[in-house]
Number of protein chains: 2
Amino acid sequence: MKSPEEVRQLIRKGRMTGPTAGLAASYAQANLVVLQKDLAFDFLLFCQRNQKPCPVLDVTDAGSPVPAIAAPGADIRTDFPKYRIYRHGVLTEEVTDLTPYWKDDFVGFLIGCSFSFEQALINQHIPIRHIDEGVNVPMYKTNIDCVPAGPFSGKMVVSMRPIPERLAVRAAQVTSRFPAVHGAPVRIGNPKSIGISDLNQPDFGDAVTVQEGEVPVFWACGVTPQAVIMETKPDIVITHSPGHMLITDIRNESLAVL
Amino acid sequence: MKSPEEVRQLIRKGRMTGPTAGLAASYAQANLVVLQKDLAFDFLLFCQRNQKPCPVLDVTDAGSPVPAIAAPGADIRTDFPKYRIYRHGVLTEEVTDLTPYWKDDFVGFLIGCSFSFEQALINQHIPIRHIDEGVNVPMYKTNIDCVPAGPFSGKMVVSMRPIPERLAVRAAQVTSRFPAVHGAPVRIGNPKSIGISDLNQPDFGDAVTVQEGEVPVFWACGVTPQAVIMETKPDIVITHSPGHMLITDIRNESLAVL
């Protein structure tokens with residue numbers, strides 16, 4: 001198993017460009033949002049007010065590409081395999097190196113990701129359907145309002161994993177230990193109660209099979225902050241490309257509150 | 001038992017001016033830090049990076065005195081019994097009403113307080129010595145560095161409660177449920193290992209008796225952010241007066257992550 005630093009070096013040198021799922025599996029992976037400094041306070045406040053969908057692992061100092069807490073040896077301009085650049089809410093470029101685009105007033109937010117709690121579920125022998133089926137996790141817009149902050153407001157996006165009924169409470173327990181990476185589910189069962197009309201039609205990702213005797217379990221999803229930011233159409237926002245995350249030096253288990 | 005709103009009304013009308021310990025005991029009380037907007041991002045970032053000593057319960061929008069999440073009916077200018085105003089790091093006024101001092105660029109931070117987890121300890125029949133002795137909790141500067149953010153940096157301040165040895169693990173478990181109000185202890189036992197040379201000489205608050213068969217247990221303390229801010233000597237900072245908190249509408253138990 002390669003260390004986080006070794007994987008980041010390969011990514012930095014362009015020798016690894018694919019999705020990061022399963023790499024350095026004991027370590028937390030992070031989503032990325034880069035904003036100009038003038039939006040940083042309101043966005044950090046949005047995250048503070050909506051910690052389940054927006055669990056912040058680290059925030060870089062304005063202009064610095066170094067996530068000093070999550071991975072002091074990393075550079076957020078080069079250590080994600082792929083980035084998306086949005087101007088006025090429109091995707092304009094997908095690139096593998098942010099260096100030419102970097103500005104002195106950029107602030108990078110590293111946001112916790114569900115890979116961390118999925119590892120905890122796997123450790124408990126709780127199956128993860130989208131992994132078993134080799135697709136992306138299904139994600140849905142809900143009718144749950146986020147708490148607004150400045151220009152940022154919108155509905156929560158959730159991810160769904162079908163869990164055998166006898167294991168659903170255990171899944172809630174296991175993920176409750178990890179509030180820094182989405183934490184406990186927001187709902188077990190009945191999709192309609194949170195405004196999801198058809199599990200087979202996710203808003204993002206892919207549909208998965210829900211088997212007889214399984215219940216859909218919904219967790220707050222890190223797509224929420226990206227969706228909320230895009231609605232405000234800022235001059236520029238940079239995110240990681242879906243599935244192409246940063247491997248941090250933070251062990252998943254160290255994120256557990258108990 | 002009066003409701004939070006009833007207590008706040010009495011305080012707002014000036015009919016209650018003392019410390020708030022024990023009032024509306026099921027509800028979380030909050031510390032206050034008011035800063036000018038230009039310092040708000042760095043301070044929020046400091047809190048995000050140091051959640052154990054700086055657990056944020058709510059942040060008001062610039063210029064608004066309403067803590068919309070923690071207590072939508074409250075006014076942070078009037079609903080604390082007493083305030084301290086510091087100019088360039090020096091205490092210049094202690095007042096019971098902030099209204100005449102309020103500015104359009106003020107941002108208020110409500111920070112969780114140990115009363116919440118003390119209630120959880122009491123519910124487990126774990127004794128709280130400073131309550132039994134009728135004094136303030138003893139607090140100590142440690143040698144533990146906070147993670148800096150912008151101009152804010154410094155050492156962590158901890159509070160200490162002597163706990164019978166057989167209950168120390170239980171005290172750690174009980175408070176682990178409450179990361180939003182300082183959470184698990186930072187240390188059990190040996191004060192010297194965190195730079196405290198004499199338990200009888202606290203840096204803030206009062207010394208308490210540590211009995212035979214008890215171990216000192218140290219929790220991160222909300223005095224930390226105040227101490228760190230004062231070192232930067234900003235033009236103006238406003239805090240609550242020690243022990244004179246805001247009663248929020250948040251039930252202590254709702255702050256538990258499990």
*Just name the residue that is surrounded by the most Cβ atoms within 10 Å (Cβ to Cβ) out of those in region B:15-51 that are at pLDDT below 95 and small (G, A, S).*
B:A24
*With respect to A:Y83, determine if the residue is among the aromatic types (F, W, Y), farther than 26 Å from A:P185 by Cα and away from chain B (no Cβ under 14 Å).*
yes
*asked:* Take the conditions under 19 Å from A:E5 (Cα atoms), at pLDDT 95 or above and either surrounded by fewer than 19 Cβ atoms within 10 Å (Cβ to Cβ) or within 14 Å of chain B (Cβ to nearest Cβ) (or both) and apply them to A:T60. Does it pass?
replied: yes
*Of all residues in region A:160-194, which are basic (K, R), within 14 Å of another protein chain (Cβ to nearest Cβ) and under 18 Å from the mean Cα position of the chain (by Cα)?*
A:R177
*Of the conditions (1) surrounded by fewer than 24 Cβ atoms within 10 Å (Cβ to Cβ); (2) of a type in the set (A, V, I, L, M, F, W, C); (3) within 14 Å of chain B (Cβ to nearest Cβ); (4) in a loop (DSSP other than H, G, I, E, B), A:C54 clears all except one; give me its number.*
(1)
*Would region A:104-126 turn up any residue that is under 30 Å from B:P67 (Cα atoms) and away from chain B (no Cβ under 13 Å)?*
yes
*If you check A:G243, A:G205, which single one turns out to be in the same structural domain as A:I128 (by TED's automatic domain parsing) and either on the phi > 0 side of the Ramachandran plot or surrounded by 23 or more Cβ atoms within 10 Å (Cβ to Cβ) (or both)?*
A:G205
*Any idea which of (1) crowded, with 18+ Cβ neighbours inside 10 Å; (2) under 19 Å from the mean Cα position of the chain (by Cα) is the one B:V135 doesn't satisfy?*
(1)
*Which of the residues spanning region A:156-203 are outside any loop (DSSP other than H, G, I, E, B) and closer than 21 Å to A:G243 by Cβ?*
A:M156, A:V157, A:V158, A:S159, A:M160, A:R161, A:P162, A:T175, A:A180, A:V181
*Could you tell me whether A:Q9 is polar (S, T, N, Q) and in a helix (DSSP H, G or I)?*
yes
*Tally time: how many residues in region B:87-119 are more than 12 Å from B:L35 (Cα to Cα), in contact with a strand residue (DSSP E or B) (Cβ under 6 Å, 6 or more places away or on another chain), acidic (D, E) and assigned to a loop (DSSP other than H, G, I, E, B)?*
0
_Could you check region A:120-151 and list, in sequence order, the residues that are under 20 Å from A:D203 (Cα atoms) and outside any loop (DSSP other than H, G, I, E, B)?_
A:R129, A:H130, A:I131, A:M139, A:Y140, A:K141, A:T142, A:N143, A:I144, A:D145
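The values are calculated or read from the model by the stated rules, or taken from the named source; none is laboratory data. If you're wondering where the values come from, they're calculated on a predicted model, not measured in any experiment. In this analysis, Cβ positions are derived from the backbone assuming ideal geometry, glycine residues included, and neighbour counts consider all displayed protein chains.
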